[in-house]
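Before any comments, here is the structure.
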């Protein structure tokens, strides 16, 4: 081996040293019993969805419903709407409470013994989300159309008096009210989108990750995990037993070599 190759190999080992045998064994023992999981719902909080309205159209609306929805942006639907997705959220929370364990500051873990049942529950939630989408698509589109119309009527008087400067290249210097209204509706239609855009973002995600040796070497992680997972003492016993067994095999090999 050339000196340069040897030096590079040494540097690589310094930067990424191999995992110690005992710690590698510990990772296997602990991963056999629990692992991290990321379990998330995306796009279900419809009442939190905001419509970005161009700043030059954001004027004070007089309509009470528009005033309630109109802030720095516009709510897609009312927060009290039956389209809010709260039931889906409650189902997800039930699954979390039933199967997952929170380790504050580190994430969420699941016992391997519960993993199969958890995955069945996640699949059931995914099917429910698909039914939710199909059932509410028309209702959501109607809510979008209604709220877009509310905002259009609330903004139109002020916009008609003072159209955005950027519209002049399309409408000319002195557009009439009908031209302004068409332009306003066009912009708000693009801003609100439709129900397909909303439901396209809906999904359920469950990603599993093994426990790393960095975590198992972290005293704070082990303390928090011990408090949250009663069987952790059992895992320690299993690791110690496996470790002792490995030492016995090593001693046996040493004796054979010596003889």
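The values are calculated or read from the model by the stated rules, or taken from the named source; none is laboratory data. Every value quoted in this text rests on a predicted model; they were computed, and no experiment measured them. Every residue, glycine as well, gets a Cβ built from its backbone with ideal geometry; the counts of neighbours run over all protein chains shown.
General observations
- Boolean, residue 140 is part of a helix (DSSP H, G or I) and either modelled with pLDDT of 85 or more or in contact with a strand residue (DSSP E or B) (Cβ under 9 Å, 6 or more places away or on another chain) (or both): no
- Cross-chain or 6+ apart pairs with Cβ under 8 Å, region 98-127 first and on the phi > 0 side of the Ramachandran plot and in contact (Cβ under 8 Å) with a residue 12 or more places away in the chain, then surrounded by 14 or more Cβ atoms within 10 Å (Cβ to Cβ) and not in a strand (DSSP E or B): 105/224
- Scanning region 89-107 for residues that are touching a helix residue (DSSP H, G or I) at 6+ places or on another chain (Cβ under 8 Å) and part of a strand (DSSP E or B) turns up 100, 101, 102, 103.
- Filtered residues of region 128-149 (kept if farther than 30 Å from residue 110 by Cα and in contact (Cβ under 8 Å) with a residue 40 or more places away in the chain): 136, 137, 138, 139, 140, 141, 143, 144, 147, 148
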